[in-house]
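Heads up: the structure comes next, in structure tokens.
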Amino acid sequence: MRRSTLSLLGCIAVLALILGGLCGAAMARVTQVGLVTDLGKVDDRTFNEFAYKGMMRAVKEFGLKSAFIETQQPTDYEKNIEQFASAGYDVVITVGFMLGDATKKIAQKYPQVHFAIVDFAYDPPVTNIVGLLFGEDQAGFLAGALAGLVTKSKTVGMVAGADLPPVVRFRKGYEAGVKHVCSECEILGVYIDSFTDPARGKTAALSQIDEGADVIFGGGGATGSGAILGAAQAGAWVIGVDQDEYLTTFKQGEAQGANKLLSSAMKRVDNAVYGVIKMAVDGTFKGGTQVFDASNDGIGLAPFHATESAIPDAVKAQLQELAAGLKAGTIKAGVAR
């Protein structure tokens, strides 16, 4: 009996060593990660840059090699994605709704590669792709509430990028937030068919100011950043998007107009990208959809920075109540999923 017990323990020990070795090999397998941007640069001050920061956080923490490709035109999507997959990269991150079809095509061609895409999901799911979605409507709702609470003219504006689903959710949420706190407010809004045209964004924002808007929300990449920079320098209150634009567009407060940036409606793209790379490294990667919203702190308003003293305590308290309501599900941002 004793000899049998010892033999059994020996087998268990050997099995543990084998499994440990297999797990270690699985974790060590992930060594390279690549990122493909949508049109625009990796330092575009919005979601391309946030995705890149999330990747680099994982690269540093897990000792990975990395590279990125900045897409110049839509016809390059497939080529850029395949460049990483064919070169043996273990994880490929694609950034933006427009890369949905190309990502699926290349993922099906390279089933051993882990893919993740920002702002897109698949139904039915694709085994080796994680779709990273966000509650843009909730972030927009908080931005709209802020705009509605500080406006004096009772007219607020929004300069949006192309009318793709994430942008539409931002705009509808913004409009719902404004109306939630200021039913008599007028809301001006425009879609611009480019995320990389700050000059057009600025022109649109100044036009809305001419129509009486004293708060402008920019929700369209570099186009939206151009809108809020121009509007702030013209004296209007502004609200940024995706990242904390005080740190990016307004250069940590050094750019003219930084004292007019109320906040930014943030999507934690960095956390989402970091998380999916960590799953691949840990061996827990599974295709499907992950949603980042108020319930898991995937969205929210950035700090007020230079406008901290300009925003009344009562407004701050109301925003906290609204954020808590969104998180608990007792307040809806008005966009069905």
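The values are calculated or read from the model by the stated rules, or taken from the named source; none is laboratory data. Just so it is clear, the structure is predicted and the values come from calculations on it, not from any experiment. Glycine gets a Cβ as well: all are built from the backbone with ideal geometry, and neighbour counts include every protein chain shown. Just so you know, the surface numbers come from the protein's heavy atoms only, side chains and all, with ligands and any DNA or RNA stripped out. Shrake-Rupley method; radii C 1.70, N 1.55, O 1.52, S 1.80 Å.
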Measuring from the longest principal axis of the C-alpha atoms of the chain, the long axis of helix 221-233 (C-alpha) lies at a number of degrees, nearest 10, equal to 30 degrees
Relative to the chain, whose Cα atoms define the longest principal axis, helix 269-282 and its Cα axis are tilted in degrees, nearest 10, by 0 degrees
Within the chain, the percent of DSSP beta bridges that are antiparallel, given to the nearest 5, stands at 5 percent
Ranked by GNM mean-square fluctuation in the chain (Cα springs under 10 Å), the top entry among 216, 299, 69 is 69
Relative to the chain, whose Cα atoms define the longest principal axis, helix 136-150 and its Cα axis are tilted in degrees, nearest 10, by 30 degrees
Using alpha carbon positions and the Kirkwood radius, the Rg to Rh ratio of region 27-142 is 0.96
Taking a ≥ b ≥ c as the square roots of the Cα gyration tensor eigenvalues, with a/c under 1.5 meaning rounded and otherwise prolate when a/b beats b/c or oblate if not, region 241-337 comes out oblate
Counting only protein heavy atoms with a 1.4 Å probe and every protein chain in place, the carbon and sulfur fraction of the accessible surface of the chain in whole percent equals 55 percent
Between residue 95 and residues 5 or more places away or on another chain, the pairs with built amide H atoms under 5 Å apart involve 36, 38, 118
Once normalised by the length of the chain, the mean sequence separation of its alpha carbon contacts under 8 Å that are 6 or more apart gives a contact order in percent of 18 percent
Taking a crude spin-label model, label points 7 Å out from Cα along the C-beta direction, the residue 320 to residue 86 distance in nm is 5.6 nm
Counting only protein heavy atoms and rolling a 1.4 Å probe, one gets per residue an accessible area for the chain in Å² of 44 Å²
For region 179-309, one quarter of the surface area of the C-alpha convex hull, expressed in nm², comes to 10.1 nm²
So, relative contact order of region 218-337 in percent, Cα under 8 Å, 6 or more apart, is 21 percent
With +1 on the Cβ of every Lys and Arg and -1 on the Cβ of every Asp and Glu, the dipole magnitude of region 263-337 about its Cα centre, in debye rounded to the nearest 20, is 320 debye
Placing +1 on each Lys and Arg Cβ and -1 on each Asp and Glu Cβ in region 274-337, then taking the dipole about the Cα centre, the residue among 325, 310, 277 whose Cα reaches farthest towards the positive end is 277
Rounded to a whole number, the Stokes-Einstein D of the chain in µm²/s (Kirkwood radius over Cα pairs; 20 °C; 1.002 mPa s) is 102 µm²/s
Of the candidates 131, 217, 168, the farthest towards the positive dipole end of the chain (Lys/Arg Cβ +1, Asp/Glu Cβ -1, centred on the Cα centre) is 131
Summing -39500 (n - 2.57) over every DSSP H run of at least 4 in the chain, dividing by its residue total and rounding to the nearest 500, the 222 nm mean residue ellipticity is -15000 deg cm²/dmol
